[in-house]
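The values are calculated or read from the model by the stated rules, or taken from the named source; none is laboratory data. Computed from a predicted model, the values in this text were never measured in an experiment. Because the Cβ atoms are built from the backbone with ideal geometry, glycine has one as well, and the counts that use them run over all protein chains shown.
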Amino acid sequence: MTDAPDRSLAESGAVAGVSGLERLRAWLVDAPGYPADAADQRTVEFLGLRMPRRATTAVMLVALLLLLDYHGRVTDLVAWATGWSTTNDADFKRIQGVGRLLLLGGVPLLVVLHGFRDRPSRYGLRLGDWRAGLAITLGGIAVMAPVAFVLAHVPVFAAYYAPQAAPPPQVFLTTALDVLPAEFFFRGFLLFALLRAVGPIAVVVATLPFAFSHLGKPELETLSTLGGGFLYGWLDWRTGSVLWSGLAHTCILGGMVLASAAVGMPVH
């Protein structure tokens, strides 16, 4: 008789634990629906290939704009138009950020508004589930902050990021100019257009051009973008917004620049 209450408490604790895990799992996958409307389902045919018009446009435009960005065409145009110096890495990153704001942010937004005649909110430009977004973003930043600090001690990371150092407000502003349009580009314009055409595999597909856009950075970082890009895409799918991945990405990348400069590793 005396053992019964102990067993009952243990069993109730196990049930509570299981139900807690189930609630967490349900919360993690509680994404909004992404139904395709008539315009999402409209197709275009080319040489016998019948393809979804919006998703195909997004894929081809992303490929084209990435090539232009890789070759620095818009960065050169911004430098010429503003007269800003490109003599150091911090100034170059500022010019590159403005160029990407125009190229990766402005052009897809114009396509959504005037090409697709659609609402930007359907492509992640909204708060979405802000409670989940804020909680996951703060948790992700807390996890990644010590990782960034450790990586800042690795010479190849210090050599890449330390020259971009500037006062913290300028670092985070420059990073935001670079990162926020890219989040909309990869995980707003591309991901949400694909999501309504091919389903959740869109999160994986959108990760690929994101990873390739990191070529030239330290090898470990380029490899990590497959996992990081997938998690950012999952976060946007979960919340219906690119704001939260943009905030997390800005904080982590800006922190990497400042940590690399603070470490003071020699740059070769």
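Here the helices (runs of 4 or more DSSP H) wholly within region 119-208 that include at least 1 residues being on the phi < 0 side of the Ramachandran plot, surrounded by fewer than 23 Cβ atoms within 10 Å (Cβ to Cβ) and within 15 Å of the chain's Cα centre (by Cα) are 130-151, 168-184. Residues in region 57-101 that are without any contact (Cβ under 8 Å) to a residue 60 or more places away in the chain, of a type in the set (S, T, N, Q) and crowded, with 18+ Cβ neighbours inside 10 Å: T75 only.
Annotation note: Cβ proximity below 7 Å between a residue of region 237-258 that is in a helix (DSSP H, G or I) and a residue that is modelled with pLDDT of 95 or more and of a type in the set (K, R) (sequence gap 6+ or interchain) occurs for S245/R187. Could you check region 209-218 and list, in sequence order, the residues that are assigned to a helix (DSSP H, G or I), surrounded by fewer than 24 Cβ atoms within 10 Å (Cβ to Cβ) and within 13 Å of the chain's Cα centre (by Cα)? Answer for region 209-218, where residues must be assigned to a helix (DSSP H, G or I), surrounded by fewer than 24 Cβ atoms within 10 Å (Cβ to Cβ) and within 13 Å of the chain's Cα centre (by Cα): P209, A211.
When V257 is tested against the conditions (1) of a type in the set (V, I, T); (2) surrounded by fewer than 24 Cβ atoms within 10 Å (Cβ to Cβ); (3) closer than 17 Å to K93 by Cα, the lone failure is (2). Confirm whether S224 is of a type in the set (S, T, Y) and part of a helix (DSSP H, G or I). So S224 passes the test. Among helices (runs of 4 or more DSSP H) entirely within region 66-110, having at least 1 residues that are of a type in the set (S, T, N, Q) singles out 73-82, 89-100.
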